[in-house]
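What follows is a structure written as structure tokens; I'll ask about it next.
The values are calculated or read from the model by the stated rules, or taken from the named source; none is laboratory data. Predicted, not measured: the structure shown is a model, and the values here were computed from it. Calculation scope for accessible area: heavy atoms of the full protein, side chains included, ligands and nucleic acids excluded. Shrake-Rupley method; radii C 1.70, N 1.55, O 1.52, S 1.80 Å.
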Amino acid sequence: MAFEDLGRLTLGAALAAGLAVAGGGALAQSAGAKAANMRHEKFETMGRTFKALNDELKKDAPGKAVVVRHAATINTLAGQLPTWFPKGSGKEARPKSEALPAIWSDAAGFSAAAATLRTEAGQLNQVAAAGDMAAIRIQAKATGQACGGCHRQFREKK
Amino acid sequence: MTTVDPVARAARAKVWDVPTRVCHWLLVALLGFSWWSAETGALEWHRWSGYAVIEVLVFRIYWGFVGPATARFSGFVRGPAAVLAYAKSLGGRASPDEPGHNPLGALSVLAILLVLTTQVVTGLFAVDVDGIESGPLSDRVDFDTGRLFADIHHWSFTILQILVVLHLAAIAFYLIRKRRNLVGAMITGRRRFESDPGLVFAPAWRIVPGVILAAAIAAWVSKGLRF
């Protein structure tokens, strides 16, 4: 091979390597962004469901089936929540994310807050099945406070 | 030759009646409390504060039609010509002797009442981003609409803050430049006049229907317009 060809080959290899690294980096970012975006959708579903539940509970005679359905959704989402925060899925992956770095730096604290939610949401699910609306209203409030407790520590304040 | 002694003629007369003064200072306190309760996340208290504001607003609007001259909207709301003429007089040190809100101050009263009404009404339909805290009428609208009401509720408060700052600046202006103590007058209800304006005030019984109406509306709203 001519000396010039070797030079071009080396340049080409270097470019290819560079692109692979950059491309690999971009792919890793998009996994974090994917997780962050999915998390945002899940939390928004949680918010909508909570509103729907509270709207129903505002009625004089809330419908049991509606309440049970929403409580079940919240319970399911609460169970999934800890899996929504893989490393690298914070603001670095999705700039609009309100996830504070403390989620990962204080993993024990975050885990405890998530566990509190699971407990309260599980309780809500049970109370909903029993059908006592007064008790459901109290437990819905308690579940909301569990959400709030985590948000105060780990979500960006607007 | 007789000369009229201006000091003898000058009088300290009543200009603001009790209901008007109570409404004013209640709104000051409730605005502060609503702000604080929202900032600290005490949303239950925030809602109650809002219902109290609704009560005061309803009464004040009622009083603006049946109260004494200085409380009535017809007593101080003026057209653009009067507003301009008054604005031109602001440069001087003298302050007109007419009792009650001047034409420019009248605009400020209307603006504050309007924005306060917007504030409470948007609050009734608002929902927070988590779907946890919401106004009593928020179940009548969907999540996205409730969020829009919440946004307007926040922007409206910014406008309210600006109006309050302007209001305080105007009061400071009157105190320093015009040597007129408006705060004292809104507390005691009295001020010095060149000559007694001879104001007539409303009979006390008229307060009662207003209070009942205001309380009934606020209670009904707090229950989400349900009985």
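GNM on chain B, C-alpha springs below 10 Å: top fluctuator among B:Lys88, B:Lys178, B:Lys14?
Result: B:Lys88 has the largest fluctuation of those listed.
How large, in percent, is the carbon and sulfur part of the accessible surface of the range B:37-147 at a probe radius of 1.4 Å?
67
Next up: Calculate, for the range B:86-227, the solvent-accessible area per residue in square angstrom, rolling a 1.4 angstrom probe over the heavy atoms of the protein chains.
About 55 Å² of surface per residue is accessible.
Taking amide hydrogens as modeled 1.01 Å from N in the peptide plane, which residues meet the under 5 Å criterion relative to B:Ser195, leaving out close sequence neighbours?
Under 5 Å from the amide H of B:Ser195: B:Ala11.
I'd like the interface area for chains A and B: accessible area of each alone minus the complex, both sides summed, 1.4 Å probe, protein heavy atoms only. What is it in Å² to the nearest 100?
Rounded to the nearest hundred, the buried surface is 1200 Å².
From the C-alpha gyration tensor of the protein assembly as shown, pull out the three semi-axes of the equivalent ellipsoid (sqrt of 5λ each), sorted largest to smallest, in whole Å.
The answer is 59, 32, 15 Å, longest axis first.
May I ask for the angle, rounded to the nearest 10°, between helix B:103-125 and the longest principal axis of chain B, with both axes built from Cα atoms and the value confined to 0 to 90°?
Helix B:103-125 sits at roughly 10 degrees to that axis.
Using alpha carbons only, how many degrees (0 to 90, rounded to 10) separate the axis of helix B:143-176 from the longest principal axis of chain B?
With rounding to tens, the tilt is 20 degrees.
Cα convex hull of chain A: how many Å³ per residue?
Taking the convex hull of the Cα positions in chain A, it is 132 Å³ per residue.
Expressed as an acute angle from 0 to 90° and rounded to the nearest 10, what is the orientation of the C-alpha long axis of helix A:107-130 relative to the principal long axis of chain A?
The answer is roughly 40 degrees.
Most mobile of B:Ala82, B:Ala106, B:Ala214 per a Gaussian network model of chain B (Cα springs, under 10 Å)?
B:Ala82
While we're looking at this one, here's another question. Considering all alpha-carbon pairs of the range B:74-132, what whole percent are spaced by more than 15 angstrom?
63
For chain A, with a Gaussian network of springs between Cα atoms less than 10 Å apart, report the residue from A:Ala115, A:Ala130, A:Ala35 with the top mean-square fluctuation.
Sorting by GNM fluctuation, first place goes to A:Ala130.
While we're on this one: Which value in deg cm²/dmol, rounded to the nearest 500, describes the helix-derived mean residue ellipticity at 222 nm for chain A, given -39,500 (n - 2.57) per DSSP H run of n ≥ 4 and division by the residue count?
Mean residue ellipticity, 222 nm, calculated: -27500 deg cm²/dmol.
Can you tell me the convex hull volume per residue for chain B, based on C-alpha atoms, in Å³ to the nearest whole number?
Here the figure is 144 Å³ per residue.
Rg/Rh for the range A:66-124: what does it come to with C-alpha atoms and Rh from Kirkwood?
Expressed as Rg/Rh, it is 1.06.
Mind listing, in residue-number order, the residues in the range B:124-147 that have at least 40 Å² less accessible area with every protein chain present than in their own chain alone (1.4 Å probe)?
B:Asp130, B:Gly131, B:Ile132, B:Asp139, B:Phe143
What would the Debye equation give as log₁₀ I(q)/I(0) for the range B:155-227 at q = 0.15, 0.27 Å⁻¹, counting only Cα atoms as equal point scatterers?
Taken in order of the listed q values, log10 I(q)/I(0) reads -0.91, -1.09.
Using Cα centres only, tell me the gap between the range B:9-76 and the range B:188-206 in whole Å.
19
Next question. How much area per residue is accessible in chain A when the probe is 1.4 Å and only protein heavy atoms are counted (Å²)?
57
Provide the solvent-accessible area of B:Ile212, counting protein heavy atoms only and rolling a 1.4 Å probe, rounded to the nearest 10 Å².
So the heavy atoms of B:Ile212 present about 110 Å² to solvent.
Give me the percent of accessible area attributable to carbon and sulfur for the range B:172-227, probe 1.4 angstrom.
The nonpolar share, carbon plus sulfur, comes to 69 percent.
In addition: Can you give the calculated 222 nm mean residue ellipticity of chain B, where each DSSP H run of n ≥ 4 adds -39,500 (n - 2.57) and the sum is split over every residue, rounded to the nearest 500 deg cm²/dmol?
Computed ellipticity for chain B at 222 nm equals -21000 deg cm²/dmol.
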